[in-house]
1. Pick out the one residue from 25, 65, 92 that is away from the ligand (no atom under 16 Å from the Cβ) and crowded, with 22+ Cβ neighbours inside 10 Å.
2. Which one is surrounded by the most Cβ atoms within 10 Å (Cβ to Cβ), of the residues in region 96-131 that are within 12 Å of the ligand (Cβ to nearest atom) and farther than 23 Å from residue 300 by Cβ?
3. Return the total of residues in region 188-206 being under 17 Å from residue 277 (Cα atoms) and more than 16 Å from the chain's Cα centre (by Cα).
4. Kindly provide the set of residues from region 132-156 that are away from the ligand (no atom under 16 Å from the Cβ), buried (at least 18 other Cβ atoms within 10 Å of the Cβ) and under 20 Å from residue 213 (Cα atoms), ordered by number.
5. May I ask you to say which residue of 37, 14, 42 is surrounded by 18 or more Cβ atoms within 10 Å (Cβ to Cβ), under 24 Å from the mean Cα position of the chain (by Cα) and outside any loop (DSSP other than H, G, I, E, B)?
6. Pick from region 342-360 the residues that are part of a helix (DSSP H, G or I) and in contact with a strand residue (DSSP E or B) (Cβ under 9 Å, 6 or more places away or on another chain): which of them is farthest from residue 115 (Cα to Cα)?
7. Condition (residue is in contact with a helix residue (DSSP H, G or I) (Cβ under 8 Å, 6 or more places away or on another chain), farther than 21 Å from residue 137 by Cα and buried (at least 24 other Cβ atoms within 10 Å of the Cβ)) applied to region 290-305: is it met by at least one residue?
8. What pairs come out if I take residues in region 109-121 that are under 9 Å from residue 166 (Cα atoms) and outside any helix (DSSP H, G or I) and pair them with residues that are at pLDDT below 95 and within 11 Å of the ligand (Cβ to nearest atom) whose C-beta lies under 7 Å away, six or more apart or interchain?
Ligand code: PLP
């Protein structure tokens, strides 16, 4: 018997994804093929180990999927080694730390307040609890990465590992410079390119290869694949990373997700993906222009990539939390986000983070994003006004009616 209650919830979520303007910078919409593979019979298969070195029988076909994923990933980024098994970005990072570090070792990562990720040393995260994390960050004036301060910290702390990459940073990161400084001081250099992987693949952001010793990523953000993690590295680190992922951190790999990752990498290798990545950035610029015209203050003055951090507190006197709710009510989905040197607690925050990858997938162009900027402004500046709310809802509907996602999907049978 079909669990009607559950399928109805999933249908409501599908409707939400169809009807809302999705601006969460870390989300995207996968293709029908990726969706099909993520829900395929491969979910039934145990395959502990690696291709041709499994602990289970019957792995010959899932081996093919994993080998395709590995080979494609190596080709896309021009790297020597790849592991496609991490279940998530966090697990990719934990496997790298497990492979390279001993508990208590010194690591330097980007400050969470300035845009770093939880797994880059948050005190409540395993990373901050297990290793001695120190933080570098952005300059108070420019709100851009302060490479001088970074250099001083590397020289003073002498970390074993430096972690670059961020969850909420809107400017280009100079991986070459960061790697040089790390290596000159005897540190290994790791890049977590989760947010920008799709831009890197399409040459729309400078690549961390060949400067980084290890690169981790998620597959579900700008890369537009299934939810998951990956690790790439110089060949010399391959063996320790493989054994840190399995049996170190994980048991059986998610073979359905690995097949879906292989399909994602196939899509990334097509010329259309380059066009997609170019559009992501153009759309982010259009949104930037529109919000600036409306008088909003953008952290770091704007964007070079797929996301923007908007200081809603100084722009219209409300918290990020409130802005998130006000936008939710007009079917625009975004998330509250701390801004550098924020005086609010992270749960309230002074900013919101807006990203263009998901709606670019749905076909939004620069004009659409200019209109999105105007709708956001109208709503946030007029706060609780009911007729403005209705006008915003109408204008959101005009935009979302232009595209139909997952036409043939229907969970209510
Ligand atoms: N690394 C960065 C830079 C991220 O932004 C994120 C997720 O937001 C992760 C790692 C973690 O990925 P996951 O949520 O798959 O564990």
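1. Details: 25 fails: away from the ligand (no atom under 16 Å from the Cβ); 92 fails: away from the ligand (no atom under 16 Å from the Cβ).
So the residue among 25, 65, 92 that is away from the ligand (no atom under 16 Å from the Cβ) and crowded, with 22+ Cβ neighbours inside 10 Å is 65.
2. Of everything passing the filter in region 96-131, 96 is surrounded by the most Cβ atoms within 10 Å (Cβ to Cβ).
3. At the first step, the residues of region 188-206 found to be under 17 Å from residue 277 (Cα atoms) are 193-206.
Add one more test, that the residue is more than 16 Å from the chain's Cα centre (by Cα), and what stays is 203, 206.
Looking only at that region, the number is 2.
4. Within region 132-156, 150, 151, 153, 154 meet the criteria.
5. Working: 14 fails: surrounded by 18 or more Cβ atoms within 10 Å (Cβ to Cβ); 42 fails: under 24 Å from the mean Cα position of the chain (by Cα).
From the options 37, 14, 42, the qualifying one is 37.
6. Here is the first cut: in region 342-360, the residues part of a helix (DSSP H, G or I) are 357-360.
Applying the additional criterion that residues be in contact with a strand residue (DSSP E or B) (Cβ under 9 Å, 6 or more places away or on another chain) yields 357-359.
On the way: 357: 18, 358: 20, 359: 22 Å.
Only one residue fits best here, namely 359.
7. Initially, region 290-305 is screened for residues in contact with a helix residue (DSSP H, G or I) (Cβ under 8 Å, 6 or more places away or on another chain), giving 290-291, 293-298, 302-305.
Then drop every residue that is not farther than 21 Å from residue 137 by Cα, which leaves 290-291, 293-296.
Within this subset, residues satisfying the condition of being buried (at least 24 other Cβ atoms within 10 Å of the Cβ) are 291.
Taking every residue of region 290-305 in turn, at least one turns out to be in contact with a helix residue (DSSP H, G or I) (Cβ under 8 Å, 6 or more places away or on another chain), farther than 21 Å from residue 137 by Cα and buried (at least 24 other Cβ atoms within 10 Å of the Cβ).
8. If the second residue must be at pLDDT below 95 and within 11 Å of the ligand (Cβ to nearest atom), the pairs left are 110/116.
The values are calculated or read from the model by the stated rules, or taken from the named source; none is laboratory data. If you're wondering where the values come from, they're calculated on a predicted model, not measured in any experiment. Heads up, the Cβs are rebuilt from the backbone with ideal geometry, glycines too, and the neighbour counts pull from every protein chain shown.
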